[in-house]
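The structure appears below as structure tokens.
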Amino acid sequence: MSKIFYINEILEFAVEKEEESKAFYQTLAQIVDDPKMRALFEKLVGEEEHHKQFYQEMLSEVEQKHTAGVPHSEEYDDYMLALIDSSRKISPLTHIQLHNLEQALDYAIGREKDSIVFYVGLKNYVPNSVKEKIDIIIKEEGKHFTRLSKLRQTL
């Protein structure tokens, strides 16, 4: 049996993930020597902050409300809860690992991929009026994935 699922849980998780990504890219921007890499990470910081603000705004507009009535299944609710739970269990890289740029980029690429999957699922829970904005964020996360993957290939 599925746990009662509230839209604010999903949005709180989205805010949390965007803040973690922002902090991660800020750290990378501070430790890399290459100015082009630093500029990329700083750009990602700004974009993740923008995403976080969007989800915070959505969160401030919703009440704690069960997602009943939204066309999805109990199985899909379980999937989203498992995705949130498994994502919270992945510990961020340690400071030492951050100095290994290959590992840091692999971690960042995985986070971006996970964000895309999560935000595609999020669209099943939000009103039609914000789905287009989430599509824009999904495309930006896809660009992050591509930029980071290309950077990783150069190392």
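Quick note: the coordinates plus some simple rules give every number you see, no bench work behind them. All of these numbers come straight from a predicted model, not from anything done at the bench. Cβ sites come from the backbone with ideal geometry, for glycine too, and all protein chains shown count toward neighbours.
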Can you compute the modelled spin-label distance between residue 43 and residue 146, with each label point 7 Å from Cα toward Cβ, in nm? 1.1
Using a Förster radius of 35 Å, what is the FRET efficiency between residue 103 and residue 123 based on their Cβ-Cβ separation? Nearest 0.05, please. 0.65
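Return the FRET efficiency for the residue pair residue 16, residue 153: r is the Cβ-Cβ distance, R0 is 22 Å, and the value is rounded to the nearest 0.05.
The computed FRET efficiency comes out at 0.15.
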Would you calculate the separation in nanometres between label points at residue 30 and residue 79, each defined as 7 Å from the Cα along the Cα-to-beta-carbon direction? 3.8
